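Down below is the structure, laid out as structure tokens.
The values are calculated or read from the model by the stated rules, or taken from the named source; none is laboratory data. A quick note: this is a predicted structure, and the numbers were derived from the prediction, not measured. Cβ: placed from backbone, ideal geometry, glycine included. Neighbour counts: every protein chain shown.
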């Protein structure tokens, strides 16, 4: 499991207007899909793309996750590698993952103990070789067919980082009122303490230019709850451009937050704010 969230939008008036809005939104999604997702005829000769997937306690479901991502990469004829990092799962997750390593494009690593999602992601990044690096949650809260949108947006724009925003106006996200409230609250706090202007810091799908991630990684401290916040804060502080894209396939947020996790995330958030605004940790050296 891995992956959480922040912000919201939405509203309508009459039933007729609501139906019209859904029709327009569907058309808009179809246009985005056809524009960004590669066709089968596109050439396979392209830069290596690394998909880094942290995993914890997924058991046999990890095999489905790997197969789903592999299928997308093959259909789009990407030159790719998939790096799975088991973050010290106490169950049989690693054993199931290893069964997928017959494909030379899939590499499996296991940490000796649970180190946190951020640590696992950076570990996987350091084992990767791609010119483009994609961080992708293995629980597949976000559909793997979203990956080409991230990659192609990064290639065709001036952005250094592209993230999927679950709260983009065109995203198809289903969430409980409590989840929406927590998202709004967390988004407000990141704006207040960090002046971070992205609508979804906790997204489980991000793409980076390798040299950008190499520069940012040197400045990161958090390995668990606020890793995504610190990563995007450091990127913004160092002048990198972040682009947000909608989730073109439906997302249903079912995972629950524990009170302990919320408290730890808030503590980590305050620590990131201190390092950013007082210590100037993310801007204390020039870009490499």
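Remarks
- Residue 153 satisfies every condition listed in (1) buried (at least 21 other Cβ atoms within 10 Å of the Cβ); (2) touching a strand residue (DSSP E or B) at 6+ places or on another chain (Cβ under 8 Å); (3) not in a loop (DSSP other than H, G, I, E, B) except (1).
- Test result for residue 171, within 16 Å of the chain's Cα centre (by Cα) and more than 28 Å from residue 270 (Cα to Cα): yes
- In this structure, residue 59 qualifies as within 16 Å of residue 108 (Cα to Cα), at pLDDT 95 or above, in contact with a helix residue (DSSP H, G or I) (Cβ under 8 Å, 6 or more places away or on another chain) and in a loop (DSSP other than H, G, I, E, B).
- Yes/no for residue 103 being surrounded by fewer than 22 Cβ atoms within 10 Å (Cβ to Cβ), in contact with a strand residue (DSSP E or B) (Cβ under 7 Å, 6 or more places away or on another chain) and either farther than 26 Å from residue 152 by Cα or modelled with pLDDT under 95 (or both): no
- Selection within region 225-249 - part of a loop (DSSP other than H, G, I, E, B), in contact with a strand residue (DSSP E or B) (Cβ under 8 Å, 6 or more places away or on another chain) and surrounded by fewer than 24 Cβ atoms within 10 Å (Cβ to Cβ): 240, 241
- Condition broken by residue 179, with the remaining ones in (1) in a helix (DSSP H, G or I); (2) closer than 23 Å to residue 55 by Cα; (3) at pLDDT 90 or above satisfied: (3)
- Whenever a residue of region 239-268 is under 14 Å from residue 198 (Cβ atoms), its partners that are loosely packed, with under 14 Cβ neighbours inside 10 Å, lying with C-beta atoms within less than 7 angstrom and at least six residues away or across chains, give the pairs 241/158; 243/157.
- Filter result for residue 208 (under 15 Å from residue 125 (Cα atoms) and touching a helix residue (DSSP H, G or I) at 6+ places or on another chain (Cβ under 6 Å)): no
- Region 32-56, residues that are over 17 Å from residue 136 (Cα atoms) and either modelled with pLDDT of 55 or more or part of a helix (DSSP H, G or I) (or both): 32, 33, 34, 35, 36, 46, 47
- Test: residue in region 259-281 that is in a loop (DSSP other than H, G, I, E, B) and closer than 20 Å to residue 137 by Cα: no
- Qualifying positions in region 176-215 - more than 18 Å from residue 146 (Cα to Cα) and touching a strand residue (DSSP E or B) at 6+ places or on another chain (Cβ under 8 Å): 198, 210, 212, 213
- Checked against (1) surrounded by 14 or more Cβ atoms within 10 Å (Cβ to Cβ); (2) modelled with pLDDT under 95; (3) in a loop (DSSP other than H, G, I, E, B), residue 29 passes all but a single condition, namely (3).
- Condition check for residue 128: under 16 Å from the mean Cα position of the chain (by Cα) and crowded, with 17+ Cβ neighbours inside 10 Å: no
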